[in-house]
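The values are calculated or read from the model by the stated rules, or taken from the named source; none is laboratory data. Since the structure is predicted, the reported quantities are computational estimates derived from the model, not experimental observations. Here the Cβ positions follow ideal geometry from the backbone for every residue, glycine too, while neighbour counts run over all protein chains shown. Heads up: the accessible areas ignore ligands, DNA and RNA and are worked out on the full protein's heavy atoms, side chains in. Shrake-Rupley method; radii C 1.70, N 1.55, O 1.52, S 1.80 Å.
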Amino acid sequence: MTMPASALLHLLQFASPALPIGAYSYSQGLEAALERGIVFDAAGARAWIVAHLRQVMACWEAPICWRLMRAFTARDLAAAREWSACFIASRESAESRAETIQMGFSLTRLLAELGVADGALIDALQAEAEVALPTAYACAVAALNIPHQEALLAMLFAWAENQVLVCVKSVPLGQVAGQRLLLSLGPELETAARHAQTVADADMSNWAPGLALLSMRHEVQYSRLYRS
């Protein structure tokens with residue numbers, strides 16, 4: 001089935017790195033890996049992004065986003081609240097928790113100011129003390145009738161694009177090398193999206209202790225450009 005043009009335009013807007021929610025200010029542990037010399041060239045950058053994608057995004061963050069989209073579309077606010085709380089509880093460092101809460105709050109406020117979500121959905125979001133980013137994103141997807149498969153793939157692509165931009169600025173990689181890297185990630189992103197849609201609840205996991213330790217070290221890193 002062809003995706004309606006209006007839904008595509010909404011998706012391009014709300015999955016864009018240009019959305020004013022502060023995504024550009026976070027590296028999700030990548031800056032700490034750069035500082036410690038774990039990532040220092042194009043090959044290492046790709047290996048890092050692919051490992052993060054396979055071990056965390058495909059097995060935890062994308063599956064939760066998928067479940068949140070389905071819950072909001074069904075107007076099952078209890079399920080949405082449960083999965084959002086689960087996502088927030090899974091943050092393993094202060095900065096990673098602050099990241100999703102800050103961007104979730106910013107996106108929730110943006111949705112309210114733009115008037116794109118129906119009253120019940122936006123009221124439910126604003127009534128929560130803390131809103132994770134995937135929760136606010138899933139709410140926007142449901143409110144704007146964006147197909148879930150495309151929205152999930154766009155979420156993963158936006159994450160990968162942000163990681164590549166960090167590498168372009170900080171490895172550093174050239175602009176062409178960055179685009180080459182992003183292009184090469186296409187099959188990996190498709191595989192991650194498929195896995196997220198089929199993985200059982202009991203098989204979901206964000207087990208990545210190395211990433212958690214790097215995030216904690218980044219909190220006290222002397223010089224840094226990013227907030228995570």
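Computed about its Cα centre, the charge dipole of the stretch 41-80 is approximately 140 debye, with only Lys, Arg, Asp and Glu carrying charge at their Cβ.
When the Gaussian network model of the chain links Cα atoms closer than 10 Å, the mean-square fluctuations of A98, A23, A74 top out at A74. Accessible area per residue was computed with a 1.4 Å probe on protein heavy atoms; V164 scores about 0 Å². Using heavy atoms of the protein chains and a probe of 1.4 Å, the accessible area assigned to M216 is about 90 Å². Only helices reaching 20 angstrom along their own axis (Cα) with mean Kyte-Doolittle hydropathy no lower than 0.5 count here, and for the DSSP H runs of the chain these are 148-170.
How do the peptides 45-51, 132-138 rank, highest first, by the average count of neighbouring beta carbon atoms within 10 Å per residue?
The densest-packed peptide leads the list: 132-138, 45-51.
Assuming a viscosity of 1.567 mPa s and a temperature of 4 °C, what translational diffusion coefficient in µm² per second does Stokes-Einstein assign to the chain, Rh being the Kirkwood radius over Cα pairs?
Translational diffusion coefficient: 73 µm²/s.
A Cα-only calculation for the stretch 103-147 places Rg and Dmax at 9.2, 28 Å.
Length gained on full extension, R217 to D41: 61.2 nm, using 0.36 nm per residue less the C-alpha separation.
Taken over the Cα atoms of the stretch 1-90, the convex hull encloses 158 Å³ per residue. An oblate overall shape is assigned to the stretch 166-228, the ratio a/c of its alpha-carbon gyration tensor axes (a ≥ b ≥ c) being 1.5 or greater and a/b not exceeding b/c.
Placing unit charges on the Cβ atoms of the charged side chains and taking the dipole of the chain about its Cα centre, the candidate lying farthest along the positive direction among A7, A158, A127 is A158. For R75, the accessible area of its heavy atoms, probed at 1.4 Å with every protein chain present, is near 110 square angstrom.
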